[in-house]
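**Student:** Sharing a structure here in structure tokens format.
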Amino acid sequence: MLTTLHHNSSSSDQARELRNLASLRRGDICQFADKPAQICRSVVIVSGKGGVGKSVIAFNLAATLARQNAAVGMLDISDGAGSLGLLANQNGYWNLEHVLAGSRSLHEVTLSGSGGTQIIPGGRHLLNTATIRTAAWRDLNEFEQRQAWLISDLGFDVARARSIAAVVDHAVLVTTPEPTSVAEAYGTLKSLAVAGVARVSVLINQADSNEQAARIMDRLRHAARTFLSSDISLAGIIPFDPVVAQSVFRRVPWIEVDPGCPAQLAIEQVAQRLNRTVSGQSEGFFERLNGRSASRAA
């Protein structure tokens with residue numbers, strides 16, 4: 001009798017423990033289900049012309065944000081050989097084009113960058129939205145949900161800039177002090193304003209001095225207010241720095257060449273400013289891009 005009672009008591013205890021464990025698991029599942037997906041802030045780096053250091057800025061901004069304990073994804077929407085991959089010392093043959101065609105998975109084409117950043121090459125094919133499979137959109141959305149930031153490097157095609165800038169949280173327009181670069185920057189600002197893109201700031205790269213950059217910014221701001229009835233903010237000023245060329249040759253970010261160099265200190269200020277001013281949205285960049293393409297098709 002004692003043995004039977006002991007057995008029944010043990011069975012009862014085990015059953016109670018199993019019920020408690022199941023309850024805890026259900027609670028964990030409900031808690032996980034109720035937890036919102038991480039809000040990813042999307043920023044596109046654009047320019048009015050080539051040769052202004054746009055890809056280098058995008059690469060070093062992403063590396064800087066990653067060293068602030070943020071998960072950072074990069075999307076290479078530029079034409080050519082894939083600048084972000086080359087800057088990260090990665091020469092992947094596969095890119096997003098192969099994912100969209102169904103011959104490779106997104107994981108297979110994603111490259112590893114500095115500080116744990118993840119690079120998707122071949123993003124220019126995203127604008128051919130009518131040919132993108134549902135599974136590819138799903139994989140891109142899942143990729144974005146794992147990131148705190150999505151930094152896109154966009155080529156200087158104005159039509160493409162309008163399409164992408166219209167769905168990101170913020171656009172950073174890069175120019176240098178060179179007169180034709182400033183003129184092209186204004187042209188790009190005008191094009192973005194006409195398309196209704198208001199979330200734009202200007203980054204002046206390779207500046208000889210803060211005074212020089214301030215004069216350029218004043219001219220651009222005055223022109224935007226006068227002719228476009230819009231205002232623009234300053235994303236930052238990157239001074240001319242020999243470390244920049246060294247880092248490109250070594251294919252590493254500035255912070256790995258000289259953490260205290262002027263260019264790195266400046267890009268850290270850009271990252272801080274974006275942290276303060278850019279807010280993400282519940283609907284991600286890829287969802288917005290897909291929705292925009294669907295509405296155009298309708």
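The values are calculated or read from the model by the stated rules, or taken from the named source; none is laboratory data. These figures come from a predicted structure and were not determined experimentally. Every residue, glycine among them, receives a Cβ derived from its backbone with ideal geometry; neighbour counts consider all protein chains shown.
**Student:** From the list S229, S282, S209, which one is exposed (fewer than 13 other Cβ atoms within 10 Å of the Cβ) and either closer than 30 Å to G123 by Cα or not assigned by TED's automatic domain parsing to the domain that holds V182 (or both)? Walk me through it before giving the result.
**Tutor:** Numbers: S229 fails: either closer than 30 Å to G123 by Cα or not assigned by TED's automatic domain parsing to the domain that holds V182 (or both); S209 fails: either closer than 30 Å to G123 by Cα or not assigned by TED's automatic domain parsing to the domain that holds V182 (or both).
S282 is the lone residue from the list that is exposed (fewer than 13 other Cβ atoms within 10 Å of the Cβ) and either closer than 30 Å to G123 by Cα or not assigned by TED's automatic domain parsing to the domain that holds V182 (or both).
**Student:** Moving on. I need the full set of residues from the range 212-226 which are surrounded by fewer than 19 Cβ atoms within 10 Å (Cβ to Cβ) and β-branched (V, I, T), in order please.
**Tutor:** Answer for the range 212-226, where residues must be surrounded by fewer than 19 Cβ atoms within 10 Å (Cβ to Cβ) and β-branched (V, I, T): just T226.
**Student:** Name the residues in the range 92-134 that are among the polar types (S, T, N, Q) and in contact (Cβ under 8 Å) with a residue 24 or more places away in the chain, would you?
**Tutor:** So in the range 92-134, the residues among the polar types (S, T, N, Q) come out as 95, 103, 105, 110, 112, 114, 117-118, 128-129, 131, 134.
Selection gives N95, S105, T110, S112, S114, T117, Q118, N128, T129, T131.
**Student:** Those residues that are in a helix (DSSP H, G or I) and on the phi > 0 side of the Ramachandran plot, I need them from the range 101-121; list them, please. Lay out the reasoning, then the answer.
**Tutor:** So in the range 101-121, the residues in a helix (DSSP H, G or I) come out as 101, 106-109, 114-116.
Result: G115, G116.
**Student:** Return a yes/no flag: does the range 198-215 have any residue that is touching an Asp or Glu at 6+ places or on another chain (Cβ under 7 Å) and under 30 Å from E144 (Cα atoms). Before the answer, list the steps.
**Tutor:** At the first step, the residues of the range 198-215 found to be touching an Asp or Glu at 6+ places or on another chain (Cβ under 7 Å) are 199.
Keeping just the survivors that are under 30 Å from E144 (Cα atoms) gives 199.
Within the range 198-215, one or more residues are touching an Asp or Glu at 6+ places or on another chain (Cβ under 7 Å) and under 30 Å from E144 (Cα atoms).
**Student:** Moving on to the next point. Is at least one residue of the range 225-236 part of a helix (DSSP H, G or I), among the aliphatic types (A, V, I, L, M) and out of contact with any strand residue (DSSP E or B) (no Cβ under 6 Å at 6 or more places or on another chain)? Quick ask: steps written out before the conclusion?
**Tutor:** Of the range 225-236, the ones part of a helix (DSSP H, G or I) are 225-227.
Those still in the list that are among the aliphatic types (A, V, I, L, M) too: none.
Checked against the condition, which is being part of a helix (DSSP H, G or I), among the aliphatic types (A, V, I, L, M) and out of contact with any strand residue (DSSP E or B) (no Cβ under 6 Å at 6 or more places or on another chain), the range 225-236 yields no hits at all.
**Student:** For the range 252-269, which residues satisfy the criterion of being of a type in the set (A, V, I, L, M, F, W, C), under 19 Å from the mean Cα position of the chain (by Cα) and in a loop (DSSP other than H, G, I, E, B)?
**Tutor:** V252
**Student:** Right, next: Restricting the range 235-270 to residues that are under 21 Å from A70 (Cβ atoms) and touching a Phe, Trp or Tyr at 6+ places or on another chain (Cβ under 9 Å), which is surrounded by the fewest Cβ atoms within 10 Å (Cβ to Cβ)?
**Tutor:** Q264
**Student:** Inside the range 38-50, can you point out the residues that are in contact with a Ser or Thr (Cβ under 8 Å, 6 or more places away or on another chain) and not basic (K, R)? I'd like the intermediate steps shown before the answer.
**Tutor:** First, pick out the residues of the range 38-50 that are in contact with a Ser or Thr (Cβ under 8 Å, 6 or more places away or on another chain): 39, 41-49.
If the condition is that a residue be in contact with a Ser or Thr (Cβ under 8 Å, 6 or more places away or on another chain) and not basic (K, R), then I39, S42, V43, V44, I45, V46, S47, G48 are the ones that fit.
**Student:** On to the next question. Give the residues of the range 148-175 that are buried (at least 24 other Cβ atoms within 10 Å of the Cβ) and farther than 20 Å from L127 by Cβ, sorted by residue number.
**Tutor:** W149, V174, T175
**Student:** Just wondering, is there one or more residues in the range 92-108 that are more than 26 Å from R273 (Cα to Cα), under 18 Å from the mean Cα position of the chain (by Cα) and modelled with pLDDT of 90 or more? I'd like the intermediate steps shown before the answer.
**Tutor:** Looking only at the range 92-108, we keep the residues that are more than 26 Å from R273 (Cα to Cα), and these are 92-108.
Those left that are additionally under 18 Å from the mean Cα position of the chain (by Cα): 95-96, 106-107.
Those still in the list that are modelled with pLDDT of 90 or more too: 106-107.
Yes, because at least one residue in the range 92-108 is more than 26 Å from R273 (Cα to Cα), under 18 Å from the mean Cα position of the chain (by Cα) and modelled with pLDDT of 90 or more.
**Student:** I39 passes all but one of (1) closer than 17 Å to G155 by Cα; (2) assigned to a loop (DSSP other than H, G, I, E, B); which number fails?
**Tutor:** (1) is the only condition that I39 fails.
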